[in-house]
Amino acid sequence: ATAPRPPPRLTRDIAIRPTAHGHAEFRATDGHDVSLHWKRFGRKGAPTRVLFIMGLAASHNAWQAQVERLVAQGGCDVVVFDNRGTGASSTPPGGYTTDAMASDAARLMDHVQWRDAHIVGFSMGGMIAMKLAALHAPRVRSLCLISTHLGGF
């Protein structure tokens, strides 16, 4: 008998090399210590800055096709990250709110020294992106929402 095959990977690692990566560590607005794993691609200081926010339980690698396409076109500074409780980011205790996770994204923008950015959110990441736009409006140049809803906004 042959061994069963492992399930296929839904995402692969982003094929291009990041220009920077690390962990943004801070005390979050909900009082938890948070460490967000992030990667930057493209040209630091480029005029177009794009922050991708993924949905529930998916890592930053789920954005690989979009990151690779934007970087190939040039002129973009792109940051992807793992939300708290996902991937290589920390898992603080307690429940998480979209308000707190939106503030996490703003703190990450501080960490990479971005005043503002185009924000792209998928599913729960879209809910977080909407909260980011509501709570930190001057930091959001545009908002792209994919397969999301208002939730308990």
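The values are calculated or read from the model by the stated rules, or taken from the named source; none is laboratory data. Model, not experiment: these values are computed from the prediction. Heads up, the Cβs are rebuilt from the backbone with ideal geometry, glycines too, and the neighbour counts pull from every protein chain shown. Surface accessibility is based on the protein's heavy atoms, side chains included, excluding ligands, DNA and RNA. Shrake-Rupley method; radii C 1.70, N 1.55, O 1.52, S 1.80 Å.
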Next item on the list: Check whether at least one residue in region 75-86 is out of contact with any Asp or Glu (no Cβ under 6 Å at 6 or more places or on another chain), hydrophobic (A, V, I, L, M, F, W, C), in contact (Cβ under 8 Å) with a residue 60 or more places away in the chain and not in a helix (DSSP H, G or I), and report yes or no.
Entry: yes
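Among the candidates His149, His118, single out the residue that is open to solvent by 30 Å² or more (accessible area, probe 1.4 Å) and either assigned to a helix (DSSP H, G or I) or at pLDDT below 95 (or both). Outline the logic, then answer.
Details: His118 fails: either assigned to a helix (DSSP H, G or I) or at pLDDT below 95 (or both).
Answer to the selection: His149.
What number of residues within region 112-143 are over 13 Å from the mean Cα position of the chain (by Cα) and under 27 Å from Gly45 (Cβ atoms)? Break it down stepwise before answering.
Of all residues in region 112-143, those over 13 Å from the mean Cα position of the chain (by Cα) come to 113-116, 130-131, 133-143.
Keeping just the survivors that are under 27 Å from Gly45 (Cβ atoms) gives 113-116, 133, 135-143.
Residues meeting the conditions: 14.
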Notebook entry, point to check: Quick one: what pairs do we get from region 88-112, first residue in contact (Cβ under 8 Å) with a residue 24 or more places away in the chain, second open to solvent by less than 50 Å² (accessible area, probe 1.4 Å) and among the hydroxyl-bearing types (Ser, Thr, Tyr), C-beta under 8 Å, 6+ apart or different chains?
Noted result: Ala88/Ser59; Ser89/Ser35; Ser90/Ser35
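Could you tell me whether any residue of region 72-81 is farther than 18 Å from Pro18 by Cα, in contact with a Leu (Cβ under 9 Å, 6 or more places away or on another chain) and open to solvent by less than 20 Å² (accessible area, probe 1.4 Å)?
Of all residues in region 72-81, those farther than 18 Å from Pro18 by Cα come to none.
The answer is no, given that none of the residues of region 72-81 is farther than 18 Å from Pro18 by Cα, in contact with a Leu (Cβ under 9 Å, 6 or more places away or on another chain) and open to solvent by less than 20 Å² (accessible area, probe 1.4 Å).
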Check: Pairs under 7 Å by beta carbon, first residue open to solvent by 20 Å² or more (accessible area, probe 1.4 Å) and among the basic types (Lys, Arg) in region 21-42, partner in a strand (DSSP E or B) and modelled with pLDDT of 95 or more, six or more apart or different chains?
Finding: Arg27/Asp33; Lys39/His21; Lys39/Val80
Next item on the list: Sort through Ser59, Ser123, Ser142 and tell me the only one that's out of contact with any Phe, Trp or Tyr (no Cβ under 7 Å at 6 or more places or on another chain), touching a residue at least 40 places away in the same chain (Cβ under 8 Å) and within 24 Å of Pro18 (Cα to Cα).
Entry: Ser59
Item checked: Lone unmet requirement of (1) part of a helix (DSSP H, G or I); (2) open to solvent by 60 Å² or more (accessible area, probe 1.4 Å) for Ala102 -> (2)
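Table: residues versus (1) outside any strand (DSSP E or B); (2) in contact with a strand residue (DSSP E or B) (Cβ under 6 Å, 6 or more places away or on another chain); (3) closer than 21 Å to Met127 by Cα; (4) at pLDDT 95 or above.
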site: Thr2; (1), (2), (3), (4): yes, no, no, no
site: Pro8; (1), (2), (3), (4): yes, no, no, no
site: Asp13; (1), (2), (3), (4): yes, no, no, no
site: Gly22; (1), (2), (3), (4): no, no, no, yes
site: Ala57; (1), (2), (3), (4): yes, no, yes, no
site: Trp63; (1), (2), (3), (4): yes, yes, yes, yes
